[in-house]
Amino acid sequence: METDILSIQNVSKYFPGVRALSDIVLSIQKGEVHVLVGENGAGKSTLIKIICGIYSPDSGKMFLDGEPYTPRTTREAMDRGIRVVYQEFNLLSYLSIAENIFFDRLPRNGMLVDRKKLFRDAAETMRRVGLDADPWTPVELLGVAQMQLVEIAKALSSKCGVLILDEPTATLSPGEISRLFEIIETEKKQGLTVIYISHRLKEIYEIGDRITVLRNGELVGTKKTAEIDVPQIVSMMVGRQMDAEYPFMDSPTPADEPLLEVKGLRIASSPHEISFRLKKGEILGISGLVGSRRTETVRAIFGADKKLGGSVLLEGRQLDVASPKDAVREGICLLTEDRKSQGLVLDMSVEANISLAALNKFSRFGLIDKKAERGASERIAGELAVKTPSMIQLTRNLSGGNQQKVVLAKWILRDAKVLIFDEPTRGIDVGAKYEIYLLLWRLLAEGKGIMIVSSDLNELIGICHRIVVFSGGAVSGEVLRPDFEQERILKYAYRVSDEGGHAE
Ligand SMILES: Nc1ncnc2c1ncn2[C@@H]1O[C@H](COP(=O)(O)OP(=O)(O)OP(=O)(O)O)[C@@H](O)[C@H]1O
Ligand SMILES: [Mg+2]
C-alpha cells in the first residue's frame with residue numbers, strides 16, 4: 001500500500017473578493033512526483049503557500065507523516081522537511097552562490113565563517129544540481145536559469161522530505177530541463193517527494209506520477225499521468241476543448257522591408273560581432289541556450305547595456321540609443337525576463353502599472369485623461385484575461401501568471417514599432433497564451449515587428465516566422481519557418497563557436 005506523506009483535508013482560503021481555494025482534499029504519496037496544474041489564478045501557489053506556512057488556511061486540516069501539521073511560519077515548515085523553490089526568486093543578489101545556498105547556516109570556525117568548508121559544501125551541492133560556476137560568483141551576475149539552480153541547491157542542501165517546485169522549468173533550456181529531471185529522478189530514488197507546478201503540459205509525462213488539476217480554487221480531479229492525455233488535462237483546466245496550442249495560420253506574412261537592422265553589434269560579454277534583421281510584420285524568435293547572450297544582446301539594442309561597437313538601424317536610419325529612455329523614444333520596447341525587478345511596480349494598482357509606460361498617450365496639456373487611461377487599461381486587461389477582482393487591486397496580490405499578463409499589457413498598449421519580449425509567456429497558462437499570440441499577430445498587422453527570446457522551443461516553433469539561434473555570444477544559425485525542426489535549431493544552439501567557447 002502506498003503511504004501518504006502529506007494529507008490535505010478540506011482546506012479553504014479566501015482573500016478580499018477572491019475565493020482562492022475551496023474545500024481542497026488531496027493526498028500526496030511518499031516518493032511520488034505529484035504535478036499540480038491549473039490556469040493562472042487557479043490557486044496553485046496559494047496551496048503551496050499554505051503547505052509551507054506562509055498562509056494559514058481559513059478552514060481545513062493538514063497531516064504530515066501522519067501527524068497534525070499546522071505550520072505557522074516557513075521556518076516551522078522547513079523544520080518538518082518542507083522546502084520550496086518559488087515562482088519568484090528569493091535570493092540575495094549581492095551575495096555569492098555559496099552564501100545564498102547556506103545563508104541560514106554558514107559553517108563557522110570560531111567566530112569566523114569557515115570559507116574553505118563553505119566553498120567545498122557549496123561546490124558539492126552545486127554539482128548535485130549541475131550548476132557549473134564558481135561558488136563565489138555573486139548571484140546578481142547569474143541568469144534566471146542559474147538562479148533557479150541556486151534555489152534548488154539551497155532547498156536540497158538541508159533536511160528535505162517534500163520538495164515543492166513552482167514552475168521550475170519556465171526559463172530553462174532543453175538541456176537544463178533534462179538535467180533537472182535527472183536530479184529529480186535521482187532524489188526520488190532516495191525517497192524524496194516532489195510537488196511540481198508547471199504550465200508545460202508535455203513535460204508532466206516525463207516527470208509526473210500523478211497529476212491534480214485546480215480550477216478557480218477548486219480541485220477538479222487527481223489522475224495517474226499514465227491514465228490521462230494532454231487534451232483531457234487541458235479541458236479539465238479550462239473547462240472547454242482547445243484544438244491548437246499555436247494558431248499560426250492566423251499570422252500575417254511579413255513585409256520585405258527590414259524594420260530593425262543590427263549590424264556588427266559588440267557587447268561586453270562576447271568577442272563576436274552580432275548581426276541580424278527584423279522585418280516589418282515579422283515575429284523573429286531568438287533561440288539559444290541559457291548563457292548564449294540572447295538577453296545581453298536585446299538589452300544592448302534597448303540601451304540597457306553598453307554597446308561596444310556596431311550599429312542599430314530602425315527603418316534604415318541609424319539610431320543613437322544610449323539608454324532605455326532613448327530606445328523607448330525611438331519606438332523600441334523591451335519586456336524583460338525578470339518582471340519583479342524590471343517590469344512591475346508591485347505596490348501600484350493593475351491599472352497604474354498598465355498605463356505607466358503609455359502615460360503620454362493619455363495626457364493632454366500635462367493632464368492625464370483618467371477616463372481614457374482607465375478605458376484603455378481595462379480593454380487590454382480584458383483581452384488578456386487578467387484575473388483580478390478590480391483594476392485597482394494591487395499588482396502584488398495577483399497570481400504569478402496574471403502579473404506577467406500585466407507586464408505584457410503595459411508594453412502592448414504603448415506605441416512601439418519594435419517590441420522585444422524576453423520570455424513573454426513564462427508562467428502563463430495554455431489558454432491565456434493562445435490569446436496572447438492572437439494579440440501579437442494583431443500588432444503585426446499594424447506593421448510592427450516583434451522579437452521573442454524564449455527558452456520554450458515549442459513556442460518559438462509554434463509562433464515565429466523565422467528563428468535566429470545564438471551560441472556563445474554569436475549568431476550561430478538562422479532557420480526559416482518551413483525548416484523549423486527542433487533538432488536543427490538545437491544543433492545550432494550547441495554549436496561551439498571558435499573563440500567564445502561552448503555556450504553555457
Ligand atoms: N495575497 C493575496 N491577496 C489577494 N488575492 C490573492 C493573494 N494571493 C493570491 N490571490 C488571488 O488568489 C487567486 C489564486 O492565486 P494563485 O497565486 O494561487 O494562483 P496560481 O494558480 O498560482 O496562478 P499562476 O499560474 O498565475 O501562478 C488569484 O485570483 C489571486 O489573485
Ligand atoms: Mg502561481
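Among all the lysines, which ones have a C-alpha under 24 Å from LYS223's C-alpha, if same-chain residues fewer than 8 places away are not counted? Straight-distance partners of LYS223: LYS13, LYS30, LYS44, LYS49, LYS61, LYS188, LYS189, LYS202.
Placing unit charges on the Cβ atoms of the charged side chains and taking the dipole of the chain about its Cα centre, the candidate lying farthest along the positive direction among VAL144, ILE97, GLN393 is GLN393. Ellipticity at 222 nm from helices only: DSSP H runs of n ≥ 4 in the chain, each -39500 (n - 2.57), divided by the residue count, give -9500 deg cm²/dmol. Put simply, when 38-48, 212-222, 103-113, 407-417 are sorted by average Cβ atoms within 10 angstrom per residue, most first, you get 38-48, 407-417, 212-222, 103-113. Scaling against 2.2 N^0.38 Å puts the C-alpha radius of gyration of the stretch 146-302 at 1.37. Amide H contacts for GLY310 (H built 1.01 Å from N in the peptide plane; partners 5 or more residues away or on another chain; cut-off under 5 Å): ARG266.
Tell me, SER323, SER96, SER7 in order of fewest to most beta-carbon neighbours within 10 Å?
On the way: SER323 11, SER96 20, SER7 17.
Lowest count first: SER323, SER7, SER96.
What you get for the stretch 4-238, charging only the Cβ of Lys and Arg (+1) and of Asp and Glu (-1), is a dipole of about 460 debye around the Cα centre. Extension gain for the segment THR73 to ASP104, taken as residue separation times 0.36 nm less the Cα-Cα distance, is 9.6 nm to one decimal. Panel values: the chain, Kirkwood radius from alpha carbon pairs, Stokes-Einstein at 10 °C and 1.306 mPa s, translational diffusion coefficient 66 µm²/s. Most simply put, the chain has about 55% antiparallel DSSP beta bridges, counting only bridges with both residues inside it.
Within the stretch 301-320, what residues put their amide N at less than 12 Å from the label point 7 Å along the Cα-to-Cβ vector of ARG266? Correct set: 307-311. Near the amide H of GLU478, within less than 5 Å, lie the amide hydrogens of VAL469, all on another chain or at least 5 residues away, with H placed in the peptide plane. Using bins of 10 Å that start at zero, the share of Cα-Cα pairs per bin across the stretch 4-238 amounts to 8, 32, 35, 20, 6, 1, in whole %.
Straightening the chain between SER158 and ARG19 buys 46.6 nm, computed as 0.36 nm per residue apart minus the Cα-Cα spacing. In this structure the amide hydrogen of ILE5, modeled in the peptide plane, comes within under 5 Å of the amide hydrogens of ILE28, GLN29, LYS30, none closer than 5 places in sequence on its chain.
Read-outs: derived from the displayed coordinates by stated rules, not from any lab. Because the structure is a prediction, the values reported are computed rather than measured. Glycine also receives a Cβ, built like all others from the backbone with ideal geometry; neighbour counts cover every protein chain displayed.
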